[in-house]
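S.K.: Structure incoming, see below.
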There are 4 protein chains.
Amino acid sequence: MNTIGVKYRFTSFGESHGPAVGGVIDGCPSGLHIDMDAIRADLRRRKRGDDITAGVSARAVKEADEVEWLSGLLDGVTLGTPIAFLIRNTDARPEDYEALKNVYRPGHADYTYEAKYGIRDVRGGGRASARETAARVVAGAIAKQLLQAKGITVKAELSTVGGLTMGQVADNRVVGYADLQEEIRKAQADNDSIGGIVSCVISGVPAGCGEPIFDKVQARLAYAMLSINACKGFEYGVGFASAEHRGSEINHISGGIAGGITDGTDITFRVVFKPTPSIGIPGRHDACVAVRAVPVVEAMAAMIVCDYLIKS
Amino acid sequence: MNTIGVKYRFTSFGESHGPAVGGVIDGCPSGLHIDMDAIRADLRRRKRGDDITAGVSARAVKEADEVEWLSGLLDGVTLGTPIAFLIRNTDARPEDYEALKNVYRPGHADYTYEAKYGIRDVRGGGRASARETAARVVAGAIAKQLLQAKGITVKAELSTVGGLTMGQVADNRVVGYADLQEEIRKAQADNDSIGGIVSCVISGVPAGCGEPIFDKVQARLAYAMLSINACKGFEYGVGFASAEHRGSEINHISGGIAGGITDGTDITFRVVFKPTPSIGIPGRHDACVAVRAVPVVEAMAAMIVCDYLIKS
Amino acid sequence: MNTIGVKYRFTSFGESHGPAVGGVIDGCPSGLHIDMDAIRADLRRRKRGDDITAGVSARAVKEADEVEWLSGLLDGVTLGTPIAFLIRNTDARPEDYEALKNVYRPGHADYTYEAKYGIRDVRGGGRASARETAARVVAGAIAKQLLQAKGITVKAELSTVGGLTMGQVADNRVVGYADLQEEIRKAQADNDSIGGIVSCVISGVPAGCGEPIFDKVQARLAYAMLSINACKGFEYGVGFASAEHRGSEINHISGGIAGGITDGTDITFRVVFKPTPSIGIPGRHDACVAVRAVPVVEAMAAMIVCDYLIKS
Amino acid sequence: MNTIGVKYRFTSFGESHGPAVGGVIDGCPSGLHIDMDAIRADLRRRKRGDDITAGVSARAVKEADEVEWLSGLLDGVTLGTPIAFLIRNTDARPEDYEALKNVYRPGHADYTYEAKYGIRDVRGGGRASARETAARVVAGAIAKQLLQAKGITVKAELSTVGGLTMGQVADNRVVGYADLQEEIRKAQADNDSIGGIVSCVISGVPAGCGEPIFDKVQARLAYAMLSINACKGFEYGVGFASAEHRGSEINHISGGIAGGITDGTDITFRVVFKPTPSIGIPGRHDACVAVRAVPVVEAMAAMIVCDYLIKS
C-alpha cells in the first residue's frame, strides 16, 4: 500500500518517469498558514543534497521542484480537507530506458518487481526510484510546520560517511563536514559509491506520547525509516552499542522513549543508508545517497510524530 | 493499540499481574493441525531462555506456561474463526508491588505510562512487563506452523553478548555458545545486566512478497522488532556496516529483500536488546534479556511473513 | 475480520458451541468505574428479550450470562489497557448438532460458510449464531457507560412487528406494547416467525462529530447495524419515506446528522430484522429476533459514537 | 477520513470550487486495459442524469468531465502502482459564493462543518458538494472494468420517484420510465425537489465472498451507500418489508448474501435519496438527486466488491 499514517495520513503516487509524482495528505488540521518557501527549501535539499554535496552530485540542479496544489488550501491556509499536490516530471526521459527494457539491472528492484506485479514498467524502475521521495518531502515539510506551531523541531544531518563520523577523532583531529564531503568526492572520483548514516533529533515532544505495545514510538519511527530506499537499519538511544555495555553503564540514556512512550527528553535516532547500486554509469548516480536522504528522514519522522499528536 | 497485522492479525491483552495474559489471532486459515508441543517448547524457551542460560536466569523455571484455548479450534484443528487463548498468571504477587506504589522505578516505563494514562497500575508495570510477550510467542508459534506448511522457516539465535560475537575470533579463538554464556554469568555475578544481539534468518520465502513503498518487508520487520521491550535497533543485510563500505564491495548482498520485496534468498536481520534496567535487585532480573527475546523475535517475524503470504 | 472500530476497537471471538464467547476492547480510557449490574441487565435483555417477550421466547432463561474479566480492570476500574472478557458456553450441546453434520439447514449460512472456509464447524453454525452478540452487548454496555459520563444516551426499542407500529392507529386504537407482544405470540403459536423493526435514539451528541466523506456518522451506523444477524436494512431521519416526499415537506428533518456530521439534535434511526429461519423446530427458535436485537442495536450504536468521541 | 477500501483503496480529494477534484486508487492489479469511453460515459451519466432527466436537470451539460491521468497507467494499461487522476473544476465561480459568506444555508452542512473544522470554506460548501462524486465515479468505473473481466456486472437504476415505483401498477397501468420523468418535471415546475430510490443488482459474484462478523458484504455495501450525499437508507433482499412478513413467507429470498457471505445468486439492494435542499433557487438545483446518484451507487458497489475479490 502507498499510504502511511492513521491521523496524519499520507498517500503517495507517481512513477519517476510518468507525468508526475505527488500525494494526498489527509488529516491536516484547518487554519495552518503554509510556508511555501520552507517546502521549496526542503525540496532543494532533497534534490541537490544541500551544501555538503555542492558540486558533488551528478544530478545536482539549482532549481527546486515546483509543487502544484490541487486541493485543501485556500489562499495558502489549510481547510481541513485533503491536501493534494503534484510535481511534474519535467525531465522524464523514457528514451534512456529503452535500452534497459530486456536487462535486469544488478542491485535494482527490477527482478522483485516483476516477480510481484508480473509486469515491469521500464520507465525508470517505476515506483522504486528515489524520485518518489519528493512527495514525501512535501508532506513532511507540512508536518514539520504543524509541529513547529507546537514547539517541536525535527533536525537530521549526515553524521557518518565511510569510516568517518562527525565529531569523532580520526588521524589526530576532529572529523568535520569537509572530511565527509572529501570522502564522498573520493568515492565519486573512483566511479564508486559510499554508504552513510543520518542522525536525527526530535526536540519538544511532550511526555506521554506513544503506545505501549505495538505502536511504540520507536517502532513507528523504524517502520518509517526502513520505508526509505537504500535504508538498511535503524537504532535509537544507545542503539547497537547497547550490546557492548552493561546496564550499570547505559541505563540512564533513554533516547527520549521509555516503554514505547515519550519521556519529554530529546528523541535521538540514527539511520544507515547503503551505497547506491547505480555505479559504473558516469554522471548517472549519487556517490552517497545518504546526503539526499537527510530531508526525507526529517519528513518521515515529522509525519510519524504528527500522527501521534493530532487529536482526531 | 494492541493489535498487529492486517491479514494475520494478533491482538494482545493482559497485565503481568492481573488474572491472565492472552490474545486473539484473526485470519488464521482453517484446517491447520496445531502442534501443541511446539507451542509449549517456544513458551519454555521464552521462560527459561533455552540451554544458553540454564542455571543462569533468576526467573528460570522448569514448566512451560499452560495455554487455555477459548475459540477457533476443534480437536486441535483451526476453524478459520478467531483463535482466542489465555495463560493464567499463576505467580501473580501483587503484594511485592505494594512497596513500589509511590516510587518511580528508574529505567522503567512508570513515568511515561502515568503521563499517558493518568493512572498507574502498580501491579508489575501493567503491560510494560515482558510477561506480555508470552501471548506473542503463542501467536508466533502458530504462524511458524503455517509457514512451515509452505516450506518457510524462521530461526533466531543469540549472536552477540557484550563485545563477543559468535563465530568471530577473540583472544585467538572462535567465540562459541559457552563464551556468551560465561559473559552473561559474569554480569550476573556482578549483580549487573548486559546487552545482546539476536540474529534471525527466514528461509524459503518466495520472490515477489512485499510492497514497494510503505509496507516494505524490512519496514514491517523493523516495526515488529522495535515493538519488543528493550529492543534498541534493527538492521538487515549488511546493516550499519553499510556506512563503512563502498558500493563495489557490498552491492551483491541483498539481505533477501530488494525494493521492499523479497528476492527468494534468505532474509537476514539482527536486533539489539539493551541490558535490563532491573539491576541491583538480587534474584529479580534477567542478566541478559536478549536470551529470552530469541523466541519473541521468531514469533514477531513469523507473524509479519504470514501477513504477506495469507491470501484473504 | 472480527474487529470493529478504530479508537474504541472491539474484537469478538468464540463459536456458539465452543468453550466460550468473548472479546477484547481496546481504547477504553482509564478511570471508568464499570457498573457491572448495568452490563448484566443488558445481557439479560439480550437473552430473554426483556418484558416484551416474557413467556414468549423458547430460549428464555432467568439468569444472565456470567462475564469473566481477564484484563484491563483493577477493582472494577478501567486501566486504559485492553479489556478482555469471556462468557462460558455452559449450555453447549454438541450432540444436538451431530444429526446436522451432513445437512445444509435452509436459510442458515451453512452453505456460504463452507464455500468460504472449506470447512464447516457443525457445532451450531460456528460464528453465525446469535450467541456471538453476547460479547457485543458487553462491549456496548461499557461504551454506553463511557457516553453516559458525557451526557449521551443511546436508547432502542422494538417499534414494529408484522404490520403493527407502536404509536400508530390500527383498528381504531393506538398500537401499544401488548399488541406487538400479541403479534409475536400468534406467530409462535403457528410455529412460525415474524419480522420487526427496532428504533433507536441517540441523545446528547455534540455538534461537529463525524466525517464529511466516507466516515459519515450515518455510514458507520449503517455498517454497524448491518453487521447484526438477520438485519436487512437501515434508515435514518426520514429514511425510505423520503422517496415519497418533496423537499419542501421534509427538509427541516435532519435525523441529527448533516453532511455526515452531527448537528447537536437527536440522532434517530431504524433497523429492520427479518424473521428467523429456524422455524418448524418446536422450542428451538425465537418467534421475533428483533426483540433480542434491541440491546445489540444499542451496543453497536454506542461503540460507533464512542469511536468518534474518544480523543486518542 | 477520505479513503475507502482496504485492498481496492480509493482516496478522494478536492473542493467543488477549488482547482480540481480527483483521487488515488491503490491496489488495482497490473495489466488491465482501461476503457476510457466507459469512464466518460459514467461521468456523463453523473453529470446529466442520463436520458431520464434529459431536458430536466438545471445543471445538465453535454460534455463529460475530462480526466487527467497522473500515474499508474502506461499506454492505457494499469501498472499495479497507484492510479492518480484529476478533473479540473472549469466552472468554478467563487464570486457566486461571496454573498453566502455570512449566511448559513438551510439544510446544507454549513453549520456542522464549521462546528467540526472551526473554519468554513465558502467556495461551494467545500467537500460537501456533489461535485466530489465525480472522482468516485472514475474509481468505480475502473472497478467495474476489473469485475467485468471476472464476469461480474453491477447495474443500478432509478426505481421509485415520489409515490411511483417502476413496474408496479398505478392508475390502472404499469409505471414506466416516462412516469418517473414526469414526476420529476412536475416537482421542478413547482420549483421544488423530490426524493427517489435507486435499485441495484450485482450479478456473477461467486459464492464464499465476504466476512461473517463485522465485514459482512451487506454491512460494507450499506457503509458505502450511506457515504453518498443525500442517502437516507439502505436495504437488501426483502429489506424493510421483512417487518411485515412471517418467516414462512420470505425465508427463501436471500438477496444474494447469507451470514454476511455471498451465496452465488444476484445481490439486490435499494438506496433512498432525499430531495435536495437547494430548492427555491431557480436554475441552481437538481429536482431529483437520485437520478444523478445512479452511477455513484454503481461506483461505490463496484469498489466494495473489488475489495473482497482482489487477492493481495
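S.K.: Can you send over the carbon and sulfur percentage of the accessible area for the range A:172-273, probe radius 1.4 Å, protein chains only?
M.R.: 48
S.K.: For the pair A and D, how large is the buried accessible area, both sides, in square angstrom to the nearest 100, if the probe is 1.4 Å?
M.R.: Values: alone 15440 and 15440 Å², together 27940 Å².
Approximately 2900 Å² gets buried when A meets D.
S.K.: What is the magnitude of the charge dipole of the range D:156-199 about its Cα centre, with +1 placed on the Cβ of each Lys and Arg, -1 on the Cβ of each Asp and Glu, and no other charges, expressed in debye to the nearest 20? It would help to have the intermediate numbers written out before the result.
M.R.: Numbers: 3 positive and 7 negative charges, 14 e Å.
In total the dipole reaches around 60 debye.
S.K.: Return the loop-located trypsin sites (Lys or Arg not before Pro) in the range B:135-186 (DSSP other than H, G, I, E, B) with at most 16 other Cβ atoms within 10 Å of their own Cβ; answer none if there are none.
M.R.: Working: sites: B:136, B:144, B:150, B:155, B:173, B:185, B:186; in loops: B:150.
In loop regions of the range B:135-186 (DSSP not H, G, I, E or B), the sparsely surrounded trypsin sites (Lys or Arg not before Pro) are B:150.
S.K.: Any of A:7/A:47; B:47/B:274; C:311/D:311; A:216/B:274 with alpha carbons more than 23 Å apart? Name them for me. Intermediate values should be presented prior to the final figure.
M.R.: Details: A:7/A:47 28 Å; B:47/B:274 18 Å; C:311/D:311 34 Å; A:216/B:274 16 Å.
Table pairs above 23 Å Cα-Cα are A:7/A:47; C:311/D:311.
S.K.: By accessible area of protein heavy atoms, probe 1.4 Å, what ranking do A:235, D:182, B:68 get, highest first? Could you put the intermediate results ahead of the total?
M.R.: Working: A:235 15, D:182 85, B:68 55 Å².
The residues order as D:182, B:68, A:235, largest area first.
S.K.: Mind checking which of A:267, A:188, A:164 is farthest towards the positive end of the range A:160-312's charge dipole, using Cβ charges of +1 (Lys, Arg) and -1 (Asp, Glu) about the Cα centre?
M.R.: Looking along the dipole axis, the top candidate is A:188.
S.K.: Between residue B:68 and residue A:169, what is the spin-label point distance in nm, taking each point 7 Å from the Cα along the Cα→C-beta axis?
M.R.: 6.2
S.K.: Placing the label point 7 Å from Cα along the Cα-to-Cβ direction, what are the distances from residue A:178 to the equivalent spots in the other copies, shortest first, in nm to one decimal?
M.R.: 5.4, 9.2, 10.1
S.K.: Same structure again: Please name which of B:225, B:242, B:257 has its Cα lying farthest along the dipole of the range B:182-312 towards the positive end, using unit charges on Cβ (Lys, Arg +1; Asp, Glu -1) and the Cα centre as origin.
M.R.: Working it through, the farthest residue towards the positive pole turns out to be B:225.
S.K.: Between residue B:311 and residue A:150, what is the label-to-label distance in nm when each label sits 7 Å out along the Cα-to-Cβ direction?
M.R.: 4.3
S.K.: If I stretch the segment between residue A:191 and residue A:33 completely, what's the gain in nm (0.36 nm per residue apart, minus their alpha carbon distance), one decimal? Don't skip to the end; give the middle numbers.
M.R.: Working: separation 158, 0.36 × 158 = 56.88 nm, distance 4.45 nm.
Taking 0.36 nm per residue and subtracting the Cα distance, the gain is 52.4 nm.
S.K.: Can you list the equivalent-ellipsoid semi-axes of the range A:156-312, largest first and in whole Å, using the square root of 5 times each Cα gyration tensor eigenvalue? Walk me through the numbers before you get to the answer.
M.R.: Values: eigenvalues 188, 75, 31 Å².
In descending order the semi-axes read 31, 19, 12 Å.
S.K.: Rounded to the nearest 0.05, what FRET efficiency is calculated for residue B:41 and residue B:265 with R0 set to 30 Å and r the Cβ-Cβ distance? Don't skip to the end; give the middle numbers.
M.R.: Details: r = 28 Å, r/R0 = 0.93.
With R0 = 30 Å, the Cβ-Cβ based efficiency is 0.60.
S.K.: Taking the Cα centre of the range B:156-265 as origin, sum charge times position over the Cβ atoms of Lys and Arg (+1) and Asp and Glu (-1), and report the length of that vector in debye to the nearest 20.
M.R.: Values: 7 positive and 13 negative charges, 34 e Å.
Dipole magnitude for the range B:156-265 comes out near 160 debye.
The values are calculated or read from the model by the stated rules, or taken from the named source; none is laboratory data. As the structure is a computational prediction, the values presented were derived from the model and not from experiment. Glycine gets a Cβ as well: all are built from the backbone with ideal geometry, and neighbour counts include every protein chain shown. Note: accessible area is taken over every heavy atom of the protein model, side chains too, but ligands, DNA and RNA are not part of it. Shrake-Rupley method; radii C 1.70, N 1.55, O 1.52, S 1.80 Å.
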